[in-house]
Amino acid sequence: MIRKVGFYFRSQLTSNNLISDKCRALPHYSANRYKTNSAALEHRLNQIDEEVAKLLALKASLQNEPVTKQQYVLKTEKGTRDYGPQEMALRQGVFDKIIAVFKKHGAETIDTPVFELKDVLTRKYGEDSKLIYDLKDQGGELLSLRYDLTVPLARYLAMNQIQSFKRYHIAKVYRRDEANMNKGRYREFYQCDFDIAGSYDPMLPDAECVKVVSEILKSLDVGQYAIKLNHRQLLDGVFEACGVPAHKFPAISSSVDKLDKLSWPEVRKKMIDEKGLSPSAADQIGEYVRMNGGVELIEKLLDDPKLKNVPAAVNGLEAMKLLLHYCKLMNLSNEISLDLSLARGLDYYTGVIYETVLTDESGKVGSIAGGGRYDNLVSSFDPKNRQVPCVGLSIGIERIFAVLEAKYATTKTSIRTTDVDVYVASAHKGLHEKRLELLSQLWDAGIKTEHSYKRNPKLLNQLQYCEGRGIPYALVLGDSEFERGVVKIRDVTTRAEVDIPLNHLVDEIRKRLADLK
């Protein structure tokens, strides 16, 4: 191509030279002018030859260089991770147990978009609003990735004018947070929510939410745990009794919420230096937020000179007294306690709040469940300001996964990654068509079955595959067995084998699987 371009320009210049020869015959043609034009043309030809030579040299050098493949940085984004078959099998098992509890309590499920209008999420999360992922303008809409599943639920209830609803929702949410993968803190993660919406008698739905948390944690066997309870009215009453201005309640509540991560002196300093609270008010708050206990603590606080004259504090204490009574009726007394340090920093909570922590060594992951009452969130979306009181809980599923993964790694527990119950194996060559016939029969009967994709696999390799995958039974096919109308069924664990008539095979496998379970 380079040579063709050079030849083209040279031919153009040569044709111009021929024109000059014809012009020379004209009467007015000047010999000096011809010499000048000829020299200029020759100079241009030499320039073209030089440029063509340079381009050819560059082409040759590029052809000699090895072609380098584009290098990618292969990693997951900060605060995210991939999940292999072992992790996914563990996660699915956990989800199944949680969903079983949700359904036992009569909950239905929904799903909502992974992003919402930015205005829907704005001013719903207090100081944590800075953790919301905003998206670029898409078709004239300002959108954000959902921060939790509670605000989308409130939007859903208001949009569809639903007055009562018991729902569960398991889906991914997104937070622009500092990731700590070892403690189950991610930027993309699942939430498992259970909520009861509607106007009901006090503390009946709230107590059931506490019971749901208890049942889930028992079914998952994550270790010893404690459910901490508090009430936003009680907390606001404490702030009022200690002289905190009403407009600073949310900011001071957010500071108290840090007590699970910071010491009281550190929280006190933030209240004074960053929130502008007086030292005396901070010291009074410190006396209360370090209290925890049961009914006896509630009785003590009802007689407290500072609190007994604050209606919000009294209302909160009476509500907690009723909640603890209902929890006692459901055999939860040993798992719960009133903890005045519990604040739950989200702005939308209006009543009871709760949080669950692990009390053994695994407790380093932080809270593994939380929630509370939010009676005004739905009305904030409703054009007619219709109230739909709500209470709900969220299971810290990623932190639970972190605990269980560490537990299984320590005990070197292997998790089955498939549900295959039967493996159809060949004892010798030439049986792949018989395998396919038998596989089709078992699949049509709804039995989870697998086989080798080699026509003539070695029997030992097939049996080792069963052992490695935890497949409980293998059907070993052979010509002599087929002639007798039977097939060998092998218990992979005990290696015991018996002959089963082909016409009773499906019933025998179903019976064995039922006994196994």
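The values are calculated or read from the model by the stated rules, or taken from the named source; none is laboratory data. What you see is a predicted model; the values in this text were computed from it and never measured. All Cβ positions, glycine included, derive from the backbone under ideal geometry; neighbour counts span all protein chains shown. Just the protein is used for accessible areas: all its heavy atoms, side chains included, with ligands, DNA and RNA removed. Shrake-Rupley method; radii C 1.70, N 1.55, O 1.52, S 1.80 Å.
Identify, please: which residue in the stretch 489-517 is within 17 Å of residue 467 (Cα to Cα) and touching a residue at least 12 places away in the same chain (Cβ under 8 Å) and is, among those, most open to solvent (accessible area, probe 1.4 Å)? It would help to see each step written out before you state the result.
Residues of the stretch 489-517 within 17 Å of residue 467 (Cα to Cα): 489-497, 513, 516.
Then keep just the ones that are touching a residue at least 12 places away in the same chain (Cβ under 8 Å); that gives 489-493, 497, 513, 516.
On the way: 489: 4, 490: 37, 491: 40, 492: 15, 493: 122, 497: 81, 513: 20, 516: 104 Å².
For the stretch 489-517, the residue satisfying everything is 493.
Applying the selection to the stretch 408-425, what residues are out of contact with any helix residue (DSSP H, G or I) (no Cβ under 8 Å at 6 or more places or on another chain) and either surrounded by 14 or more Cβ atoms within 10 Å (Cβ to Cβ) or among the aliphatic types (A, V, I, L, M) (or both)?
Matches in the stretch 408-425: 409 only.
Could you go through the stretch 117-138 and let me know if any residue there is modelled with pLDDT of 95 or more and more than 24 Å from residue 213 (Cβ to Cβ). Steps first, answer last, please.
Our first condition is that a residue be modelled with pLDDT of 95 or more; within the stretch 117-138, this holds for none.
No.
Search the stretch 361-407 for residues being charged (D, E, K, R) and within 30 Å of residue 91 (Cα to Cα), and hand back the single one that is least open to solvent (accessible area, probe 1.4 Å). Quick ask: steps written out before the conclusion?
Of the stretch 361-407, the ones charged (D, E, K, R) are 361, 364, 373, 375, 382, 384, 386, 398-399, 405, 407.
In the following step, the residues that additionally are within 30 Å of residue 91 (Cα to Cα) were identified as 361, 364, 373, 398-399, 405, 407.
On the way: 361: 142, 364: 144, 373: 37, 398: 9, 399: 51, 405: 49, 407: 84 Å².
That would be 398.
Suppose we keep only residues that are touching a residue at least 60 places away in the same chain (Cβ under 8 Å) and either open to solvent by 10 Å² or more (accessible area, probe 1.4 Å) or part of a helix (DSSP H, G or I) (or both) within the stretch 132-152. Which one would you say is nearest to residue 197 (Cα to Cα)? Quick ask: steps written out before the conclusion?
Of the stretch 132-152, the ones touching a residue at least 60 places away in the same chain (Cβ under 8 Å) are 148-151.
In the following step, the residues that additionally are either open to solvent by 10 Å² or more (accessible area, probe 1.4 Å) or part of a helix (DSSP H, G or I) (or both) were identified as 150-151.
Working: 150: 11, 151: 13 Å.
In this case the residue turns out to be 150.
Could you check the stretch 238-295 and list, in sequence order, the residues that are farther than 20 Å from residue 357 by Cβ, touching a residue at least 60 places away in the same chain (Cβ under 8 Å) and among the charged types (D, E, K, R)?
240 - this is the single residue of the stretch 238-295 that is farther than 20 Å from residue 357 by Cβ, touching a residue at least 60 places away in the same chain (Cβ under 8 Å) and among the charged types (D, E, K, R).
Can you tell me which residue within the stretch 305-317, out of those that are buried (at least 16 other Cβ atoms within 10 Å of the Cβ) and farther than 13 Å from residue 232 by Cβ, is nearest to the chain's Cα centre (by Cα)?
Among those residues, the one meeting the criterion is 314.
Would you confirm whether any residue within the stretch 394-415 is touching a Pro at 6+ places or on another chain (Cβ under 9 Å) and aliphatic (A, V, I, L, M)? Spell out how you get there, then give the answer.
Step one: filter the stretch 394-415 for residues touching a Pro at 6+ places or on another chain (Cβ under 9 Å), giving 415.
Next, from what is left, pick out any that are aliphatic (A, V, I, L, M): 415.
Taking every residue of the stretch 394-415 in turn, at least one turns out to be touching a Pro at 6+ places or on another chain (Cβ under 9 Å) and aliphatic (A, V, I, L, M).
What do you reckon, is residue 155 touching a helix residue (DSSP H, G or I) at 6+ places or on another chain (Cβ under 9 Å), of a type in the set (D, E, K, R), closer than 16 Å to residue 192 by Cβ and open to solvent by less than 70 Å² (accessible area, probe 1.4 Å)?
Values: touching a helix residue (DSSP H, G or I) at 6+ places or on another chain (Cβ under 9 Å): yes; of a type in the set (D, E, K, R): yes; closer than 16 Å to residue 192 by Cβ: no; open to solvent by less than 70 Å² (accessible area, probe 1.4 Å): yes.
No: the conditions fail for residue 155.
With (1) modelled with pLDDT of 95 or more; (2) under 27 Å from residue 265 (Cα atoms); (3) small (Gly, Ala, Ser) as the list, and residue 319 as the residue in question, which single condition is left unmet?
(2)
Confirm whether residue 219 is in a loop (DSSP other than H, G, I, E, B) and more than 22 Å from residue 112 (Cα to Cα). Write out each step before concluding.
On the way: in a loop (DSSP other than H, G, I, E, B): no; more than 22 Å from residue 112 (Cα to Cα): yes.
Considered against the rule, which asks whether it is in a loop (DSSP other than H, G, I, E, B) and more than 22 Å from residue 112 (Cα to Cα), residue 219 comes out as no.
Based on what the data block shows, is residue 234 hydrophobic (A, V, I, L, M, F, W, C), closer than 19 Å to residue 374 by Cα, in a helix (DSSP H, G or I) and under 37 Å from the mean Cα position of the chain (by Cα)?
Values: hydrophobic (A, V, I, L, M, F, W, C): yes; closer than 19 Å to residue 374 by Cα: yes; in a helix (DSSP H, G or I): yes; under 37 Å from the mean Cα position of the chain (by Cα): yes.
So residue 234 fits the description; yes.
If you take just the strands (runs of 3 or more DSSP E) that sit entirely in the stretch 337-434, which of them hold at least 1 residues that are farther than 23 Å from residue 124 by Cα? So that I can check it myself, show each step before the final result.
On the way: elements: 352-358, 367-373, 390-395, 422-426.
Those strands (runs of 3 or more DSSP E) span 352-358, 422-426.
Which condition number in (1) open to solvent by less than 50 Å² (accessible area, probe 1.4 Å); (2) on the phi < 0 side of the Ramachandran plot; (3) in contact with a helix residue (DSSP H, G or I) (Cβ under 8 Å, 6 or more places away or on another chain) is the one that residue 223 fails?
The failed condition is (2).
What residue, among those in the stretch 105-131 that are in contact with an Asp or Glu (Cβ under 8 Å, 6 or more places away or on another chain) and assigned to a helix (DSSP H, G or I), is surrounded by the most Cβ atoms within 10 Å (Cβ to Cβ)? It would help to see each step written out before you state the result.
To start, the set of residues in the stretch 105-131 that are in contact with an Asp or Glu (Cβ under 8 Å, 6 or more places away or on another chain) comprises 105, 117-118, 123-126, 131.
Then keep just the ones that are assigned to a helix (DSSP H, G or I); that gives 118, 126, 131.
Working: 118: 15, 126: 18, 131: 14.
Among those residues, the one meeting the criterion is 126.
Go through (1) more than 30 Å from residue 215 (Cα to Cα); (2) open to solvent by less than 70 Å² (accessible area, probe 1.4 Å); (3) assigned to a loop (DSSP other than H, G, I, E, B) and name the single condition residue 60 misses.
(3)
Taking the stated definitions as given, is residue 210 outside any helix (DSSP H, G or I), among the β-branched types (Val, Ile, Thr) and out of contact with any Asp or Glu (no Cβ under 7 Å at 6 or more places or on another chain)?
Numbers: outside any helix (DSSP H, G or I): no; among the β-branched types (Val, Ile, Thr): yes; out of contact with any Asp or Glu (no Cβ under 7 Å at 6 or more places or on another chain): yes.
For residue 210, the condition - outside any helix (DSSP H, G or I), among the β-branched types (Val, Ile, Thr) and out of contact with any Asp or Glu (no Cβ under 7 Å at 6 or more places or on another chain) - is not met.
Residue under question is residue 454, and the condition is that it be exposed (fewer than 13 other Cβ atoms within 10 Å of the Cβ), charged (D, E, K, R), over 32 Å from the mean Cα position of the chain (by Cα) and under 30 Å from residue 161 (Cα atoms); does it hold? Reasoning before the result, please.
Numbers: exposed (fewer than 13 other Cβ atoms within 10 Å of the Cβ): yes; charged (D, E, K, R): yes; over 32 Å from the mean Cα position of the chain (by Cα): yes; under 30 Å from residue 161 (Cα atoms): no.
So residue 454 fails the test.
Does the stretch 457-468 contain any residue that is within 30 Å of residue 84 (Cα to Cα), assigned to a loop (DSSP other than H, G, I, E, B) and either out of contact with any Phe, Trp or Tyr (no Cβ under 7 Å at 6 or more places or on another chain) or open to solvent by less than 70 Å² (accessible area, probe 1.4 Å) (or both)?
Yes, the stretch 457-468 contains a residue that is within 30 Å of residue 84 (Cα to Cα), assigned to a loop (DSSP other than H, G, I, E, B) and either out of contact with any Phe, Trp or Tyr (no Cβ under 7 Å at 6 or more places or on another chain) or open to solvent by less than 70 Å² (accessible area, probe 1.4 Å) (or both).
Looking at (1) open to solvent by 10 Å² or more (accessible area, probe 1.4 Å); (2) over 40 Å from the mean Cα position of the chain (by Cα), which is the one condition that is false for residue 297?
It is condition (2) that residue 297 fails.
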